[in-house]
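Each remark here refers to the structure printed beneath this line.
The values are calculated or read from the model by the stated rules, or taken from the named source; none is laboratory data. Bear in mind that the values here come from a model prediction, so they are computed numbers and not experimental data. Quick reminder, even Gly has a Cβ in these numbers, built from the backbone with ideal geometry, and neighbours come from all protein chains shown.
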Amino acid sequence: MTERVVLDRYADAQDAYRRKELRQAQYDDADVVMADVLVNLHGTEHRDRRRVENTLFRRATFDHFEREVFPDVIDGVLAPGAEAGRTELVHAGHRMMLHVAALVAGLDLDATDVRAVDDLQGQLSLFTEALTLKQSKLDKEERRAAIERALVEWTDQFYSPARRKRLETRRTGGEPSRDVLSVLLDHQDDLGLPDDVLRRETAFFLLVAAHTSATAFVRSAHHVLEWLTAHPGDVDRLRTDPYFAQRCVHETLRLNSSSNVGMRRAAEAVTLRSGVVIPRDSLVVIDLRAVNRDTDVFGADAAEFDPDRVIPHGVPPYGLTFAAGMHVCIGQDLAAGVVQRGGAETPDGHLFGLITLAVRRLFELDVRLDPADPPVRDTTTERVYWARYPVLLSSVDARAPRVDRESCVGSGRCVTEEPTAFRFGPDDLAEATPAAASLPPARLREIAFGCPAAAIHVED
């Protein structure tokens, strides 16, 4: 019988994650989708593939998605719900993150093709089961067979056409796409990647980019709604202070890692700095719920949600949710942004992460629970997931300013003074962004009064 070593202290877990003698064992039951993908590699094989993929996962890529791609995705998904006055966050979260994940992975998804989007969402839902198969309460062999069928369907419908398109682009000397599939095709021979591994690697990035961020989005909304019940005055902070919104997301991630445990298998015997001995071939179970609630690190109230928590220097505000060491999550900055460092940093130059953007937009739409339709937990897994999370939204915010484009002269004073609330449109005239509605009424009136063309109108 395999010996198990359970780590429930932050320092021990961090130390273990950084030990090269401890190999990934998190997804031993998920080989149908995860066999030989990046997160399951070790040593030089892991290093070489990660170096290739790191050329894509860098700041310029994250800025592109956060500033140029995702805002339109958010509005496209939430707009119908805002118009109807209600939406369901589990569905909305997966829809938002699916579009970004497809771009990252390298799938050519037409957002206007509802049937294709539904098909990909359904296939992705089955891939997600591979991650949680060990904790599933359903028949595991039956679910494994369903996942395998979904992988075949996904290959025929999405992966193979995308692969052919990218190979044709290479053959004709066209401009290559910046996505995982394209990068790996360019280095397939160098890395010695078999076609089936390339296919699973693409599916893996689609899965983790969509699923983990979507569930974190719903959990963040849940925690913030509970927080505002006890701290109603913070609703304006959430709308006007993006750093506060990001701290809410980071605190949610700390309390709700995508998996309750991390697992490693000891290729060699290891003694941690604390003196904990890990025998060779033993299974190391990192209790992330306990680790991220370590009172020696996060304080006596570590089990509580507090976005104003003071975090010790050198400790990520989300704890070890993204792991550490060689297998630290390659896309954590895309999902959660970078940690605020203070100083002269401004919101314009800060990376907040896609989850924060989506959460802020919810509260700009005055999100609130639906008393007649409460949230429902997912009972098919031991993990903390929501099956449904219905909410009410405001279809129109009376404080939203309007820019009279016939009067606007494009001086840009409003853009300079409130760059998150106003921007230049394609015709170089000013337009209000969705964030403008979140500015305090007095500030909106001040901006309108200062417009040299009197082109900004604010409802009283």
Specify the residue that is modelled with the highest pLDDT; the eligible residues are those in the range 435-460 that are in a helix (DSSP H, G or I) and crowded, with 20+ Cβ neighbours inside 10 Å.
Ile447
Can Ala387 be described as among the aliphatic types (A, V, I, L, M), surrounded by fewer than 19 Cβ atoms within 10 Å (Cβ to Cβ) and part of a strand (DSSP E or B)?
yes
Would you call Arg19 out of contact with any Cys (no Cβ under 9 Å at 6 or more places or on another chain), more than 30 Å from Leu357 (Cα to Cα) and in a helix (DSSP H, G or I)?
no
I want to confirm something. Restricting to the range 50-91 and keeping residues that are without any contact (Cβ under 8 Å) to a residue 60 or more places away in the chain and surrounded by 18 or more Cβ atoms within 10 Å (Cβ to Cβ), which single residue is nearest to the chain's Cα centre (by Cα)?
Val73
Looking across the range 259-298 at residues that are of a type in the set (Gly, Ala, Ser) and surrounded by 16 or more Cβ atoms within 10 Å (Cβ to Cβ), the single one that is farthest from Thr321 (Cα to Cα) is Ser282
Matching residues, the range 411-434, being among the acidic types (Asp, Glu) and buried (at least 16 other Cβ atoms within 10 Å of the Cβ)
Glu418, Glu431
Just checking, does the range 364-373 include any residue being aliphatic (A, V, I, L, M) and over 20 Å from Ala214 (Cβ atoms)?
yes
Looking at the range 141-160, I want the residues that are in the same structural domain as Leu120 (by TED's automatic domain parsing) and of a type in the set (Phe, Trp, Tyr) and have a partner that is outside any helix (DSSP H, G or I) and at pLDDT 90 or above with Cβ atoms under 6 Å, at least 6 apart or on another chain. Which pairs are those?
Phe158/Leu107
For the range 19-49, which residues satisfy the criterion of being within 18 Å of Glu268 (Cα to Cα) and surrounded by fewer than 14 Cβ atoms within 10 Å (Cβ to Cβ)?
Lys20, Gly43, Thr44
In the range 390-420, which residues are polar (S, T, N, Q), within 27 Å of Phe352 (Cβ to Cβ) and either at pLDDT below 90 or assigned to a loop (DSSP other than H, G, I, E, B) (or both)?
Ser394, Ser395, Thr420
Are there any pairs, at least 6 apart or on different chains, whose C-beta atoms fall under 7 Å, with the first in the range 181-194 and touching a residue at least 12 places away in the same chain (Cβ under 8 Å) and the second of a type in the set (Gly, Ala, Ser), and if so, which?
Leu181/Ala105; Leu181/Gly106; Leu181/Ala162; Ser182/Gly106
By residue number, the members of the range 274-302 that are in a loop (DSSP other than H, G, I, E, B) and either more than 27 Å from Leu228 (Cβ to Cβ) or in contact (Cβ under 8 Å) with a residue 12 or more places away in the chain (or both) are Ser274, Gly275, Val276, Pro279, Arg280, Asp281, Ser282, Asn292, Arg293, Asp294
One residue is enough: does the range 110-125 have a residue meeting the conditions in a loop (DSSP other than H, G, I, E, B), touching a residue at least 24 places away in the same chain (Cβ under 8 Å) and in the same structural domain as Ser259 (by TED's automatic domain parsing)?
yes
